[in-house]
Amino acid sequence: MIGLVITMLLAMLDNLIVGTAMPTIVGDLGGANHLSWVVTSYTLATAAATPIWGKLGDLYGRKGTFLTSIVIFLVGSALSGLSQNMTELIAFRALQGLGAGGLMVGVMSIMGALVSPRERAKYQGMFAAVMALATVGGPLLGGFITDHFSWHWIFYINLPLGLIALAVVTVTLHLPKVRSTAKVDYLGAALLTTGITSLVLITTWGGGQYAWGSKHIIGLGVLAVAALIGFCYTEQRAEEPMLPLGLFKNVNFSMVSIIGFIVGFLMFGAVAFLPQYQQYVQGASATNSGLLLMPMMFGMLVVSLVVGQIVSKTGKYRIFPLIGTTVMGGGALLLSTLGTDTTRFTSSCYMVALGAGMGFLMQITMLVAQNSVELKDMGVASSTATLFRTIGGSFGVALFGSLYTNRITAGLKQVPQLAGHASDASAANALTPATLKSKPEFFQNAFHHAVASGIHSVFLCAAVITVIAIAAAVFLRDIPLRGGPKSESSLEAAAI
């Protein structure tokens with residue numbers, strides 16, 4: 001458990017430590033129009049690698065694949081810290097993401113193999129606490145390192161933590177050796193990756209770099225449809241499909257996949273773009289913007305722990321996704337009202353609501369997904385649940401990034417006084433919170449309003465999309481968790 005907790009901390013910490021450093025990174029390396037890709041390259045690579053890691057664990061043993069993913073992640077971390085331009089950083093973040101895809105699914109599938117779902121609720125409550133701690137500590141640590149050292153160290157800090165995780169897992173984790181003669185479905189993985197990448201590029205470039213009706217966007221749309229159709233065809237005929245489509249015949253599995261997608265959509269968007277508002281508009285330092293995210297993480301932590309204990313005792317869980325999706329949507333709607341004169345106390349209250357909504361959902365989605373399959377498919381179920389959350393994050397950051405930068409560009413162009421001060425998007429490319437303060441007051445005010453307008457668009461879009469998650473939660477059913485008294489003779493026996 002100690003080894004798994006450390007690895008979970010490693011995966012979550014790096015996912016969130018970058019957010020508060022992004023304004024400084026963009027100002028240092030240039031290229032605000034590539035801001036979202038620093039996060040998207042990581043989450044997209046994670047999404048592509050997640051099902052592969054899950055299937056490799058099922059076929060060849062979870063310990064070996066788990067350790068390999070940690071090593072790849074550490075190499076990517078070291079190279080990211082050495083980046084000298086935006087292109088290098090995006091590429092090395094993608095390498096990090098390839099390793100990260102195996103961290104989360106490795107932890108969850110190993111947990112699924114060792115602990116029954118009824119008891120797992122307790123342990124996942126502890127993992128939720130670690131995730132919340134990382135979610136609080138990540139932005140805070142990222143801001144502190146950026147303010148007092150260099151943003152390069154937000155990647156180097158992974159190395160000692162990762163080496164400890166590697167050593168502990170190697171020594172303490174003992175699982176039965178597994179060896180399968182089945183072939184890995186690499187064609188299915190390639191088609192799925194192509195489809196996902198095309199869709200993310202559409203959301204990133206559409207309406208910004210390219211018009212929605214341009215040949216580039218239409219071409220990507222055709223490629224995405226063709227790749228996903230090919231993927232579905234391949235999975236029905238593969239000996240060991242990367243993502244068995246039969247899993248989606250289970251209503252609960254399908255619904256929690258949709259909910260997990262929306263959770264990733266909102267969580268990554270909030271962590272990536274709230275620091276922009278806090279630093280540029282509210283005048284917070286990078287460290288303080290990490291502290292200002294704590295209300296959201298506190299709400300997530302408390303609710304996750306309470307929900308884990310209740311589910312473990314009662315075996316009932318359907319009500320929590322219903323409450324969580326509703327509260328999460330309300331929190332996003334409140335955050336869409338942020339303006340240039342919103343106080344920190346008010347914005348903190350809004351973040352508590354968003355975090356509480358996520359707290360109802362973070363662990364329940366994984367628990368329900370794992371309870372919907374047999375033990376032999378635990379890796380696939382874990383990787384699929386993680387995949388949908390990660391894809392949601394990729395889509396969220398890409399779409400939100402496009403909305404955010406477009407609104408800033410449009411906002412600056414509407415101010416006549418900026419005619420002689422480079423009012424197009426390139427003016428924001430090299431702006432850090434520190435350099436913004438050296439600009440004329442009218443420029444600062446215009447930029448503040450533009451950022452607030454971008455944040456409004458981001459969270460209004462998030463609130464609308466949450467309606468889909470609420471609808472999915474309605475169709476969930478309470479199915480007894482394996483390991484409980486009502487399921488000993490049926491589900492547990494069938495699984496064994």
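The values are calculated or read from the model by the stated rules, or taken from the named source; none is laboratory data. None of these values were measured; they are calculated from a predicted model. Neighbour counts are summed over all protein chains in view; Cβ atoms, including those assigned to glycine, are modelled from backbone coordinates with ideal geometry. Each accessible area value is taken on the protein alone, full model and side chains, heavy atoms only, with ligands, DNA and RNA left out. Shrake-Rupley method; radii C 1.70, N 1.55, O 1.52, S 1.80 Å.
State the percentage of accessible surface on region 135-267 attributable to carbon and sulfur atoms; use a 1.4 Å probe and exclude ligands, DNA and RNA. Mind dumping the intermediate values first?
On the way: 4610 of 6560 Å².
With neighbouring chains kept in place, the figure for region 135-267 is 70 percent.
Value of Rg to Rh for region 323-375, rounded to two decimals, is 1.22; Kirkwood radius and Rg both from alpha-carbon coordinates. Using the Cβ-Cβ distance between Glu374 and Ile310 with R0 set to 35 Å, the FRET efficiency from 1/(1 + (r/R0)^6) comes to roughly 0.85.
What do you reckon, how do Phe155, Phe442 stack up by accessible area (1.4 Å probe), largest on top?
So the residues, ranked largest to smallest area, are Phe442, Phe155.
Approximating the spin labels as points 7 Å out from Cα along Cα→Cβ, the Gln236-to-Leu82 distance works out to 4.8 nm. Compactness of region 155-288, taken as the C-alpha radius of gyration over 2.2 N^0.38 Å, stands at 1.48.
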